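Visitor: Take this structure first; my questions come after.
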Amino acid sequence: MELKDIESGIEAILFASGDPIPAERIAMAMDLDVASITPVIDRLADYYSYERRGIRLIRIDDCYQLTSAPEHAERVRKALETRRPPQLSQAALESLSVIAYFQPTTKAYVEQIRGVDSSYTMGLLVDRGLIEECGRLSVPGRPILYRTTQAFLRSFALKSLDDLPELPDSSPEDGQISMNMQAAIDRLKEEQPEEASQKGD
């Protein structure tokens, strides 16, 4: 199969999917292995970016997705008459950061670090698709465990959780965790792109 055929096939699959799609599924559809399609996908991603095309090819964990270019977010929003999603509050960012760094974790652990009830903000994060349930902790009461989603990675332009700003080692008891977490929250806020540049915009 020629390179152009592989490129166009991958483009067609990603465009038709809309959502992030695993590399293994793309490879299976192309009758190739993942090692063969990965450099082609990287080549396409570089092309879209270098040529300043209106779309971008991004990686999220082991998945890939076509999105609109961030710089055109406002134009896309106007054309599709979509509203800008409300920015996350400081409380929501704090809860989200705790989950991101200590996942899978429980609401009680989030509240232990934040020092306040987090029921509302946890529900908000679930509704926004930024966190999800991922089982229960094997202790009395079996509290729900939460983890971040692909939508979280996409919203903060992270390829994987390994790209999170580094959080210095500390424990909730030593008093340093709040300062470290606040610094991480500030870095995440600075790196958060327009959500409208993602799927659907």
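The values are calculated or read from the model by the stated rules, or taken from the named source; none is laboratory data. Everything quoted here is computed from the prediction, not taken from an experiment. FYI the Cβ positions are ideal-geometry reconstructions off the backbone, even for glycines, and counts take in every protein chain you see. The area values use the complete protein model at the heavy-atom level, side chains included, leaving out ligands, DNA and RNA. Shrake-Rupley method; radii C 1.70, N 1.55, O 1.52, S 1.80 Å.
Visitor: What single numbered condition from (1) at positive phi; (2) open to solvent by 70 Å² or more (accessible area, probe 1.4 Å) fails to hold for residue 33?
Guide: Going through (1) at positive phi; (2) open to solvent by 70 Å² or more (accessible area, probe 1.4 Å) one by one, residue 33 breaks only (1).
Visitor: Sticking with this structure for a sec: Could you tell me which residue of the range 1-19 is nearest to residue 129 (Cα to Cα), considering only residues that are in contact (Cβ under 8 Å) with a residue 24 or more places away in the chain and out of contact with any Leu (no Cβ under 9 Å at 6 or more places or on another chain)? So that I can check it myself, show each step before the final result.
Guide: Taking the range 1-19 and keeping what is in contact (Cβ under 8 Å) with a residue 24 or more places away in the chain, we get 1, 3, 6-7, 10-11, 14-15, 17-19.
Next, only the ones that are out of contact with any Leu (no Cβ under 9 Å at 6 or more places or on another chain) stay: 3, 19.
Values: 3: 37, 19: 14 Å.
Here the residue is 19.
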